[in-house]
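Taking it in order: structure first as structure tokens, then the write-up.
The values are calculated or read from the model by the stated rules, or taken from the named source; none is laboratory data. Being a predicted model, the structure only gives us computed values, none of them experimental. With ideal geometry, Cβ positions are generated from the backbone for all residues, glycine too; neighbour counts draw on all protein chains shown.
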Amino acid sequence: MKSSKSAHHLATGAYTVKSLVKALNILEVLAEEEQPAFTLTRLSRRLHLHVSTVHRLLVNLVRHGFVEEDPALGGYRLSFRVLRMGLRVLDRLDFRRVAQPLLRELNQQTKETVHLAILQGDHAISVEKFGSPQPVGLDARLGGVMPLHCTGVGKTLLAYQSEEMLTQLSRSPGFQRLTSHTITGLPQLRKELERIREQGYAVDHEEAVEGLRCVAGPVFNHTGRVVAAFSVAGPTTRLTPSRVPEIARLVRETSQQISYRLGYKVGMQAAQAPSGTDQRVERGGSLSRSSNASRS
């Protein structure tokens, strides 16, 4: 009986602390509004609260380190303590966990193999897979190693790397020709990567394996950085050129949804890897390279 009473009080808001709600509203305004700092008067008007009430709450927020005064601007702003708290949440956010339900849905929509890959050195490595229910599917092993220059996920990851890395790859080990469709020239590959950035997806037209086609998309995080790529792959008998536009639309939508859930905002400038570095995933874990490379 006691527990049901508690549930009733919670449901009816009996435990609402009004001053706490007002303080949280202050933090929300300071976080959402594009103002470098808010004056006491402006906050009071924005929240429809008396100046003395807002001042009392700000004194406590400053005292506990959530808000700081800016003497130069004559107002208040969020402190770095709030930033640290936000970063801890982002650190706990596993992009694989976020991507899984959306990739599973893409797999069900297309009925083709869908997998997720990260950049590891000069290769892409598969870290998640949803197999095709069709009789003939792609054998994309978890931990499988894929070349960057001729696979959908590889080209997608490579499109957001530094020019220095691209040049280095072209020299050693070079762009190996795996099929008659493989791009092996640096100028041609540059144009392909530019096209990928412009349209938001990559297509592998039998560039890694004869008879295999795939459409891939990027995964952006809250900083605009590409942390992974995913693809829909299948035999060319099913994934025909006429079907590519529809698959590409689904891939773009899935890319946007996953990236949005990771904190990426539409219109944010995609971050390119700094010179001499690659954009590997911090929380991707150490993955051993498989001797059998998956292609997609």
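At-a-glance table
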item	result
Some residue of the range 57-71 being outside any helix (DSSP H, G or I) and aromatic (Phe, Trp, Tyr)	yes
Where ARG96 falls short, out of the listed (1) modelled with pLDDT under 90; (2) within 19 Å of THR41 (Cβ to Cβ); (3) surrounded by 13 or more Cβ atoms within 10 Å (Cβ to Cβ)	(2)
Enumeration of residues in the range 189-248 that are surrounded by fewer than 23 Cβ atoms within 10 Å (Cβ to Cβ), under 16 Å from VAL114 (Cα atoms) and small (Gly, Ala, Ser)	ALA248
Condition check for LEU49: in a helix (DSSP H, G or I) and either modelled with pLDDT of 90 or more or on the phi > 0 side of the Ramachandran plot (or both)	no
Residue count for the range 162-213, restricted to those that are within 17 Å of PRO235 (Cα to Cα) and small (Gly, Ala, Ser)	4
Subset of the range 72-85 (residues that are under 15 Å from LEU24 (Cα atoms) and part of a loop (DSSP other than H, G, I, E, B))	SER79
Meets criteria (surrounded by 15 or more Cβ atoms within 10 Å (Cβ to Cβ), hydrophobic (A, V, I, L, M, F, W, C), without any contact (Cβ under 8 Å) to a residue 40 or more places away in the chain and assigned by TED's automatic domain parsing to the domain that holds LYS155) for PHE66	no
Single residue of the range 71-80 satisfying the filter (surrounded by 13 or more Cβ atoms within 10 Å (Cβ to Cβ) and out of contact with any Leu (no Cβ under 8 Å at 6 or more places or on another chain)) that is modelled with the lowest pLDDT	LEU73
